[in-house]
Each structure stands twice: as structure tokens, then as C-alpha cells.
Amino acid sequence: MTIAAPAPITSDPSSKKADISGRKWPAHLAMAAFSLAAAVYVCQGLWRAPQQNVVADNVSDQGQFEWMLSYGVYVLQHLGNPFFTELLNAPRGVNLAMNTSSTFYAVLFSPLTHFAGPQVTFVTILTLNLSGSAFVWYLFLRRWLVRSGLAAAVGGLIFGFSPGLVSHANGHLNWTSGWMVGIVAWWVLKLTDRDHWLRNGIVLGLLCTMGFSVAAEALFFAALASGIFLFVWLLSRPGLKRARTALPPLLKSLGVTALVAGTLLAWPLYMHFHGPLKFSGTGFRMRFYSEDLVSYVAFPLPSVAGAFGWGADLAPNATEATSFLGAPLILLFIAAVALLWRRSSPERRVTLRALTVIAILFFLLSLGPRLRFLGEEQSHIPLLYALLVEAPLFDSALPVRYTLVVVVAIALVIALFLDEFLTKRIAVRLAAVGVVFLAVAPIAPLPLRTLERAPEPLFISSGKWKDYVTDDGVMTSLPLSIDVAVDSMRWQAYTMARGGDSQFRIPAGYFLGPQDYEETGRHLVGRVGAPDRPTDQLLYKAARWGQVPRITNEQRLQARVDFAYWELQAVFLPETVTGPNGPLNRDALLRLATQLLGEPEQVQDVLVWRIRPGVDPVDVIEETQG
């Protein structure tokens, strides 16, 4: 007995099961090949020059994930702490358990990162994530819900290359991991198996452990959706009839899952909720990262419809454009639910009801605490999420991302719809396929936009930097790493990826951390990056906007204090500095640093300033007019 009600297969005698299973392999391989080709098409700009190109709509997140992947090499080589690092944000460090550390990817792909570089590992994982998400949901549909391979393929592709996953492909290795959610959901449907409750509980516990290290927020969504599905199923008439036999294995399996996952995740969970430098909630504003009501029926900008000028710019940013399914697909989903309800058996209606409930609830959650309409927040109209803003776990999730669960429900319903009508006469089949094609074609994705970023300096790649900083000493490129300038993290990441005993630390960085380092910071919402210090703000304004004030000795004194706090031994300036939309203002940085520290030393392809903590910068005697 299973929870989902699969479509009946009338011509599947047990003597022919092996033969039928064997005949599925060509279809599986074709789907895998097509999904991989589609993913390569979407990521083609990165594949053309992985060492040089970066996703144009989220330069910083790609740099952050490359750092996380390189840290996997460092952890394995030095047996370091995977959930806390002192390499970033010197001298305080960073709680990685509260960041998207993606430990599973970092460790699994560490050989590729070491030999090919984190840039290649990043695009490899991104490509596998998109193709794997489509393929796993295709297998899920074939196993649990539909008879037709075509219907399963369409459902898998709708989710795997949905606007939401493609938008997250702009830098997010965690949120493109839709395959992980599919595998977890697959095993949830096995939990009522009386004969294998122990095995099922152990496997699901291991999957949850893996899912936490891949995308903890997505795992929370998967658990929430699975709980709603089970609740709706148990309250249904078929579910109540089977409750006596279904509940014992279900509860025992969940108990084993909790024991296995709780044991394996005890350390990262402790670090997340009670570890050093923890904070509350998230570093992003929930009311900003919420869906616009209109975005569900609008078309995405990077799509076929967008190429014709029909796209809408209603997302918080290009990486969080998670809905934009278009009016045709939304209308088809509503019509499909109505048609399937009339034609379905009682057990199939339970599955349909559960998917519809999940879609509605997650749609409401995605709208956030206040209604947004055509880009404007309607502050006088509170929504469901307003009740959950401070609830545990909900306070750390961004509402806009709940949409991805809505997309899963829609993809499954469309697959069920297509499967239902592919058994009819040829005219009906063609009509069903045509309707689905017309609904999906406008949101077919375009390749990710890319741009060139600063190449790794020879100063770093040759190891010359070791002459300017002690082992585990602090050094940085200019400006200090922040969310819009992650080059310093990149140079550190590439050094970690190559291995070796020597490594430098950097101040600041792009990460989520507390508002302050007192006890109050543990109870406040987080922030992006380290708390500001006057000197890094000077450097930031010069790099971003070209602002170079006349430096006074008072500012030099503050710089001495800041440099001593960071334990900084050297700073350097490469020939190009990467910003969020292209190069930052190197000339302004050079003028500012020269005022602070004097003339630099030319070392290979960078300019270097040695720092004596507590001594540099030296005050300048300024001439006064008589």
C-alpha cells in the first residue's frame, strides 16, 4: 500500500514486469540526455569560459559559493571545522552553519575543485542541479503518479526548468537543488510500508541529513509540504479506512528518521541555534522578498515571452524571480484540477486534493506579510505570513521562495492532466499536448546572462603573496570583501582550492552574521557582512562611487585602529576589481590608499602596501599657509 494513488495499469501482469521495466530504460536515458542538454543550454555562457565568466545577475553569490566549495578542500586537508571558520571576518570568524555552506557539495566535489578550480565545480553542480531536478521529478512521476513517459517528462521539465529554478541558477547552488526535494518526497511516500519501516526511516534520516547540508531552507519546505500531504491523506475517506494499518509504520519510520537525522545533525544544529556568532531570523527583509500578486500570471524576463518584450519586472531581484508562470499555465492548472476531479477515482482525488491544498497554502505564504500589487506594498492588507514572521524556522525563510513548492504542485497536476488524456483518441491526445505546449512555451528559459570578471592576479596564483603575510596572517585586496565586491574572497578561495599548508585570512567578507558581537547580537536579526568600520566604508565609497575625500590624520588614526583590529599585515590592489555590474573604480581606490599609506610597491601584477598593525598609516605633517 502506498500513499499516492498511482494511475491503474491494466496490462501489467507480474510475468511481464521485468520486460516492461527493461523497456523503460531507453526512455529514462533519453530524458536524462535531454535534461542535461537543456541544462548545458541554460548555462552555456559559463561553460564557454568558466574561469573568466560569471553570472551577470548575481556576481557576488557565485563568488560566495565558490568560496564554500574551496573551503571543502581546506576542511579535508586540515581537518577543519565545517561549520565555523576563522578565515573570513578576521579576527571574529563566521558561523557557517547559519550560512549556505553546502557542505555536501563542498566535500563530494572537492577533488574536482582541487584539480579544476571552484569555477568549474560551480558550473558543473549548477548544470547537474537543473538537469537532475527535471530527471528526478520525471522518475517520481513515473513511479508514483502517471503511466505515460511523455506526461512524466513534461512534468519534470516544467519544474526543472521553471522560471523559479532558472532564476535561482543566477548564483544559487542550494535553491537549484530540486532533485533533493524530489528524492525526499519519493521516500516520504514509502513511510506506510509495514514491512520496511526501519529501512525507510533510516534512509529518510540519511536523506534529511544530506538535504540539510545542501539546502536547509528547501528541506524545511519539503518537510512542511510532506506534512500537509500526509495530513490531508489521513483525513480523507481512503486514508481513514487505512489509518489502522498505515499509522503504525508511518510513526515508527518517522521516529527512526528523527533519531538518525537528529544524531547526525546534532553538531550543525547546535552551531545553528546556539553556536558562536549566531543571530536570529535572517539578514534580509521579508516584506521586500515577497511575491507580487501579479507576478504569478506575468511572464519572466529571461524567457521566450521576455524576448518578445512580454516579460514583467516585479521580482525583488533577478535571482528571486520564483513565480512568473504566466496566465496560460495558471489557467491550465485551474482547468486541469477541475477536469481531473470530475474524472478521478476517490483515491486519485485524495492526491489531487492534497496537491491543491499545498499549492494554495504555499501560494499564500509566498505573498509575505503584506500584500504586494504591481510593485507597491499594500501595508494595510496583512496576509497569512504576518502571523508567522516571528515563528521558529519561518522567521529564517524568505516568503518569495515558497513559490517553488507551488511550482512542484503545478508540474505534478499538469503531468496528471496530460496522462489522463494521452489514453484517448488521437485528436484528444493532440489537443492535450497542444494546450500544454501553448501554456509552457512562453516561459521556456533563455541562457543565463554572463559577464567577465577580474582574472586571478599572478601575485596570488604564483604564491608570491606568501612573502607579504605570515602563515594564517591577515591580508586583503581592495576593497574589503562585501556583498557587492567579493574578489578578496575569490583570491582566498582559489588559494584554498589548490591546497598547501599556507593560507591567509581576510577581514570582513560576504556572509550572514550578527548585528554586533555582544550578547544583544544573538537576539537581533542578522545582517549581510560584518558590522561596518569607518575605514572599510571609506574604501567602499571610493570603489563603488569614486568618492575620494582629502584624508586627515584623524582618519589615519582611525585606520590604524581598524587595521590593528583586523590584524592586517598587507593590502593589495589588482589591475581590475569586480563589482556587481562590472569593474569597480580602481583609480579611486588607488588615490585613497595612496593618501592613507603612501606610494605602493609594484609586485608582479598588483600594487602592495605592507601594514605594520598599530603603526600604519603614519600621520602626515600638513603644511599650513602663513
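Listing for the model above:
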{"item": "Two-site label geometry, HIS196 and TRP267: point separation in nm, points 7 Å out along Cα→Cβ", "result": "3.1"}
{"item": "Solvent exposure, largest accessible area first (probe 1.4 Å, DNA, RNA and ligands not counted), of SER226, SER481", "result": "SER226, SER481"}
{"item": "Quarter of Cα convex hull surface for the range 139-276, i.e. mean projection, nm²", "result": "9.9"}
{"item": "Placed amide H near LEU607: partners under 5 Å, 5+ positions off or other chain", "result": "LEU573"}
{"item": "Cβ-based net charge around GLU376, under 11 Å, with every Lys or Arg adding one and every Asp or Glu removing one", "result": "0"}
{"item": "Alpha carbon centroid spacing (whole Å) that separates the range 384-425 from the range 505-555", "result": "38"}
{"item": "Phi to ³J(HN,Hα) by Karplus 6.51 cos²θ - 1.76 cosθ + 1.60 over the range 408-417, Hz, x for Gly, Pro", "result": "4, 4, 5, 4, 5, 5, 5, 5, 4, 4"}
{"item": "VAL528-ASP501 FRET efficiency (beta carbon distance; Förster radius 45 Å; 0.05 resolution)", "result": "0.90"}
{"item": "25 °C / 0.890 mPa s Stokes-Einstein diffusion coefficient of the range 202-242, Kirkwood radius on C-alpha pairs, µm²/s", "result": "216"}
{"item": "Accessible surface, per residue, of the range 146-195 when the full set of protein chains is kept, probe 1.4 Å, Å²", "result": "23"}
{"item": "Accessible-area ranking of GLU599, GLU519, largest first, probe 1.4 Å", "result": "GLU599, GLU519"}
{"item": "Descending Cα extents along the principal axes, the chain, whole Å", "result": "99, 52, 52"}
{"item": "Amide proton proximity set for ARG372, modelled H, under 5 Å, gap of 5+", "result": "LEU293, GLN378"}
{"item": "Largest-first ordering by accessible area, 1.4 Å probe, given options ARG48, ARG401, ARG429", "result": "ARG48, ARG429, ARG401"}
{"item": "Whole-Hz couplings from phi, Karplus 6.51/-1.76/1.60, listed for the range 181-192; x for Gly and Pro", "result": "5, x, 5, 4, 4, 4, 6, 4, 5, 8, 5, 8"}
{"item": "Calculated on alpha-carbon atoms, Rg and Dmax of the range 509-548 in Å", "result": "12.5, 37"}
{"item": "In Å², nearest 10: area of TYR270 left accessible to a 1.4 Å probe", "result": "120"}
{"item": "³J(HN,Hα) computed for each position of the range 68-76 - Karplus, 6.51 cos²θ - 1.76 cosθ + 1.60, integer Hz, glycine/proline x", "result": "4, 5, 5, 5, x, 5, 4, 4, 5"}
{"item": "Stretch gain in nm, segment ARG425-ALA223, where the contour uses 0.36 nm per residue and the Cα spacing is subtracted", "result": "68.7 nm"}
{"item": "Virtual spin-label span in nm between LEU557 and ALA49, 7 Å along Cα→Cβ", "result": "4.8"}
{"item": "Chain lengthening between GLN602 and LEU339 when straightened (0.36 nm per residue, less Cα-Cα)", "result": "87.4 nm"}
{"item": "Nonlocal amide H pairs with SER323, under 5 Å, H built at 1.01 Å", "result": "none"}
{"item": "Point-to-point label distance, TRP310-PHE115, nm (Cα→Cβ direction, 7 Å offset)", "result": "4.7"}
{"item": "Local net charge near ALA32, Cβ-Cβ under 14 Å (Lys/Arg +1, Asp/Glu -1)", "result": "+2"}
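The values are calculated or read from the model by the stated rules, or taken from the named source; none is laboratory data. Not measured: the values here are computed from a predicted model. Note that we place each Cβ from the backbone using ideal geometry, even for glycine, and neighbour counts take in every protein chain shown. Surface accessibility is based on the protein's heavy atoms, side chains included, excluding ligands, DNA and RNA. Shrake-Rupley method; radii C 1.70, N 1.55, O 1.52, S 1.80 Å.
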